[in-house]
Amino acid sequence: MHIPFSLPVIDADVIHEVNDCLTNTGWLTTGPKVRQLEEEFKKLTGVEAALCVNSWTSGAMLMLRWFDIGPGDEVIIPAYTYSATALCAMNIGAIPVMVDVKDDFNIDVEKIRAAITPRTKAIMPVDIGGYPCDYDEIMALVNEPSVRAMFQPATDRQKVLGRPLVLVDAAHSIGATYKGRPAGTLADVSIFSLHSVKNVTTGEGGCICLSLPHPFDNKAEYQFLKAFALNGQNKSAFEKNQAGGWRYDIIAQGLKVNMPDICAAIGLAQIRKYASELLPERKRIFEQYNAAFSKHDWAILPPYRNAIKESCGHLYLLRIAGVDEEQRDEIIRLISETGVGVNVHYIPMAMLTLFKEKGYRISDYPNTYKLYANEISLPIYNGLTEDKVAYVIDAVVGSYEAVGCFPIAIGIGG
């Protein structure tokens, strides 16, 4: 049996929506489909304003620039994340300050506290695998009088907020909840990824959800960001194409990161049935894995649900107790030979050439390394039947047993 690691949902509804875009609307770039998708995100999350863009990374760069973050400013991020979390800051000249994570893969709030300096302009928690971070603690921290007193605003927006911006890397967490509140509403700004492997996809894309506190007007900021994401142009091509609408203005030095309608059509078909069909199926798969692996003392189950948090099941981050990288990699090799696609999320940034050359060292993030060294990501996506999940489980168990693993002391690699 061949089971790929990930497959997008391309069904009759998606095909119908894309065909409608191609044959009925007369529009491919930003137009009515994008605006409909933004409305669906508002319904799903409850935010006042949502802006679709062409990738998570460009959306994060857009919002860092919106907050006037630039060269010399510091952005605190977890060491355990994909490199885009750091690169969005680096690409505008800011400095990513990495801190270690807890055993649930998410950023350690006390490590954030220790890393805050007068140059800190933003904090970017990451909901790894779709499991929410400790948002009440993070928001309480940035609002502490000592943190506010340390903050050094350099622009009007920074003065209005009066503290570091909390910009959530919610790439994985569409449909997750924290204390009954949906992802997208848990901090100042949250950005979902709509990449091909995500729970809802537009092929490439992202969605910025605004929950800025008073006195910010989220709807007004959306109107500005809509232009800011289109080279600072205050009308989209679709709006200019309407009768008498040709005249436009450039109101800011923006970026070109708008989402096309042809991409939005794919996500529009998916998000309309996400809460009722797609998300419950992902949770069914997650729970089938949990039921099987909980019988094995070598299996460390990923965080999923507790009294205040519930994952959206974007990734199934299985860890194998007592193995090192070499043994983990051998298990992966054997699983792959059965036809099952697996992955590792993620190689820590401090182990990658770019970041090592900039002085980051994995030895500074021991928990990040501990999680990475024995992690294997299993297939979890819509359309994965119970029989296929059972096949994956058997492949993992058989591969573990074939390696003949035994407990070892896990050190920190390079």
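At-a-glance table
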read-out: Estimated inter-spin distance, Glu39 and Ile308, nm [label 7 Å along Cα→Cβ]; value: 3.6
read-out: Order of His214, His172, His296, His16 - criterion: other Cβ atoms within 10 Å of each residue's Cβ, fewest first; value: His214, His16, His296, His172
read-out: Listed peptides 25-33, 58-66 by packing density, highest first (mean Cβ within 10 Å); value: 58-66, 25-33
read-out: Burial order of peptide ranges 398-404, 382-388 (average beta-carbon count within 10 Å, highest first); value: 398-404, 382-388
read-out: Assigned charges on the beta-carbon of Lys, Arg, Asp, Glu; the chain dipole about Cα centre (debye); value: 1120
read-out: Estimated distance in nm for a label pair at Met139 and Leu354, the labels positioned 7 Å out from Cα along Cα-to-Cβ; value: 3.2
read-out: Cβ-defined net charge surrounding Ala114, 15 Å radius [Lys, Arg +1; Asp, Glu -1]; value: -3
read-out: Stretch gain in nm, segment Asn24-Lys256, where the contour uses 0.36 nm per residue and the Cα spacing is subtracted; value: 80.9 nm
read-out: Pairwise Lys count, the range 202-317 - Cα closer than 25 Å, eight or more residues apart or different chains; value: 13
read-out: Estimated distance in nm for a label pair at Ala390 and Ser6, the labels positioned 7 Å out from Cα along Cα-to-Cβ; value: 2.8
read-out: Residues Ile15, Ile107 arranged by fewest to most Cβ contacts within 10 Å; value: Ile15, Ile107
read-out: Answer label for Cα extents along the principal axes in Å (calculated), chosen among (i) 59, 56, 42; (ii) 72, 55, 40; (iii) 70, 63, 41; value: (ii)
read-out: Net charge of neighbours whose Cβ lies under 12 Å from the Cβ of Phe238, counting Lys and Arg as +1 and Asp and Glu as -1; value: +3
read-out: Estimated FRET transfer efficiency (Glu325, Ser294; beta-carbon r; R0 30 Å; 0.05); value: 0.75
read-out: Among 324-336, 355-367, the order from most to least packed when residues are scored by Cβ within 10 Å on average; value: 324-336, 355-367
read-out: Relative contact order %, the range 156-256, counting alpha carbon pairs below 8 Å whose residues are six or more apart; value: 17
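We did not get these values from a lab; they are worked out from the coordinates using the rules stated. Just so it is clear, the model here is predicted, and its values are computed rather than measured. Methodologically, a virtual Cβ is constructed for each residue, glycine included, from the backbone with ideal geometry; neighbour enumeration extends over all protein chains shown.
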